[in-house]
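Report on one structure; see the data block that follows.
Readers should treat all values here as calculations from the given coordinates under stated rules, not as data from a laboratory. For clarity, every value in this text was computed on a predicted model and none was experimentally measured. Don't worry about glycine lacking a Cβ; one is built from the backbone with ideal geometry, like all the others, and counts go over all protein chains shown.
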Amino acid sequence: MSGAPEFTIEINQNAYLPMGGHEVHAVAHIKASGPPTGVPSGARGAEVIMVDSSGSMDFPSTKLKAAKQATKAAIDTLRDGTLFAVVAGTGMASMVYPFGESLVPADERTRKEAKREVDKLRARGGTAMGQWLLMARRLLEPHRDAIRHAILLTDGKNESEREQDLTEAIAYCEGMFVCDCRGIGLDWRVEEVRKISTALLGDIGLVSEPADLVADFTTMMENAMGKSVADVALRVRTISNARVKYVKQTYPVIDDLTARRTDVGPNVGDYPTGSWGGESKHYHVCLEVEPDEVNPGGRRRPCQISVVLPDGAGGLELAKAGVFAQWTDDEELSTRINGEVAKVTGREKLANAVQEGLQARKDGDETTATARLVSALRLADEAGDEHTAKLLRRVVEVEADGTSRLRNDDEGMMIIDVESHKTARVGPRTEG
């Protein structure tokens, strides 16, 4: 895909508020698709693959073997000309290929050389993911015009550096590149790795079987190769008597972007959305709006949502749409719930119930854990989310008489933890 995609925005909301009402909810469906427009295009990719090579990768040895095979498969998936490097992650970060701290273009020769060096990887040392991320930043920083992406694979806990070190490294990498994270086996911490994937606008996944890693890495790299425009922002512009209460991505993952706002002008803020190819993403925008005392029943546009390539208050606008508000004393109109708003708020409740249940289980409160996970199962069933419901039934059992209990399934608990922030589309609507 050599050109940048064309963006469209569809706003889903109920524009009617009760007299005196203050809160406006809107869901923006943003879709990127061809044909190319006049947006700057042709940016090449820059990729860094971070492979956990700590001592635990040898227990069992199939993990490191699978990691090598998966890394080589990812290298084979690189388009010609894509800049890339492979990094070995232990208690430090070291270059596997090329030998100096730089990226090289992918071609037949460099792919062959890189795969030969990957085969030499040996498991040793500890785990310091902050050091791996800082290496990736150093490698990618000189290539700000490229679509920058990284893959991080780990099998264990970040035990070779302080928690603060990892937190600071993540913050230093924000906005520099997108990072997809994978955990292999069951000895890594989901919340630890999720901090990385969330801050760096990437995906998180659990690969419990080493044999599945090759297919997973290939898919990740194929998706990365499909990106054609980087650093896209969701821009929210409000009028003077409206303010943004929160902005959340709701599809394909749930991610609260509220605290990641960058002010670019009076009543104008940008929220990061990462790199785009041909895909859809959805965002839930909640506004607090003061009613119009002069014309209380009038229709107003308290907010404009746009997709931009940021450059201060200007930037290149790729698409825009308005959010509206109209106060009414017609209760039928003001209490009507928009279907898409209902879906996203329900999905947020479901994700929260799962996380509350998992946390209660970690705290040893089995009663609360069971209650919250059963509540999550009910919400998934009500939403027609068969995928999440199936995962929940793996970890909680509900008898015909209504009694329930947790199942002793650590892998199932870990899978539902990883998957709880991902959004399955349900119903007749399909996404591109």
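Miscellaneous remarks
- The P(r) of segment 232-299 has a tail past 16 Å containing 53 percent of all C-alpha pairs.
- Order by protection proxy (mean Cβ within 10 Å, highest first), peptides 180-188, 314-322: 180-188, 314-322
- Extension gain, LYS65 back to ASN338 (0.36 nm per residue minus Cα-Cα distance, nm): 93.3 nm
- Given LYS320/LYS422; LYS115/LYS195; LYS343/LYS390; LYS63/LYS115; LYS112/LYS157, the pairs whose alpha carbons are separated by over 28 Å: LYS115/LYS195; LYS112/LYS157
- Residue-averaged 222 nm ellipticity for the chain, from DSSP H runs of 4+ at -39500 (n - 2.57), nearest 500: -10000 deg cm²/dmol
- Gaussian network model of the chain, springs between alpha carbon atoms under 10 Å - residue of GLY175, GLY298, GLY91 with greatest fluctuation: GLY298
- Local charge for TRP188 was computed over the other residues whose Cβ lies under 12 Å away, with Lys and Arg +1 and Asp and Glu -1, and equals -2.
- Pairwise Cα distances in segment 9-114 exceed 24 Å in 52 percent of cases.
- The slack in the chain from ASP76 to GLU290, taken as 0.36 nm per residue of separation less the alpha-carbon distance, amounts to 71.4 nm.
- For the chain, a/c is not less than 1.5, where a ≥ b ≥ c are the root eigenvalues of the C-alpha gyration tensor, and a/b does not top b/c. That puts it in the oblate class.
- Candidates per GluC sites (Glu not before Pro) in segment 252-305, loop by DSSP, up to 13 other Cβ within 10 Å: GLU293
- Percent RCO, i.e. relative contact order, over the chain, from Cα pairs under 8 Å lying at least 6 residues apart: 18
- Cα gyration tensor, segment 176-226 - rounded (a/c under 1.5), prolate or oblate: oblate
- Listed peptides 323-335, 44-56 appear in the order 44-56, 323-335 once ranked by packing, highest mean of other Cβ atoms within 10 Å at the front.
- Where trypsin sites (Lys or Arg not before Pro) fall in DSSP loop in segment 345-382, at most 14 other Cβ within 10 Å: none
- Solvent-free Debye scattering, log10 I(q)/I(0), computed from the Cα coordinates of segment 54-177 at q = 0.11, 0.19, 0.22 Å⁻¹: -0.37, -1.10, -1.38
- With kT/(6 pi eta Rh) evaluated at 20 °C and eta = 1.002 mPa s, and Rh the Kirkwood radius from Cα pairs, segment 176-270 diffuses with a coefficient of 136 µm²/s according to Stokes-Einstein.
- Legend: calculated FRET efficiency, LYS390 to TYR246, from the Cβ-Cβ distance at R0 = 25 Å, rounded to 0.05, equals 0.25.
- Set of aspartates and glutamates with alpha-carbon distance to LYS245 below 18 Å, sequence-local pairs under 8 removed: GLU23, ASP255, ASP256, ASP263, ASP270, GLU288, GLU290, GLU348
- Counted over segment 133-198 with a bin width of 10 Å, the fraction of Cα pairs per bin, in whole percents, is 20, 53, 24, 3.
- Looking at segment 73-148, the trypsin sites (Lys or Arg not before Pro) that sit in a DSSP loop and have at most 10 other Cβ atoms within 10 Å of their own Cβ are LYS120.
- Whole-percent pair-distance distribution, where bins are 5 Å wide, for the alpha carbons of segment 53-93: 5, 20, 24, 22, 15, 9, 4, 0
- Spin-label pair GLU159/HIS22, simplified geometry with 7 Å Cα→Cβ offset, distance in nm: 5.0
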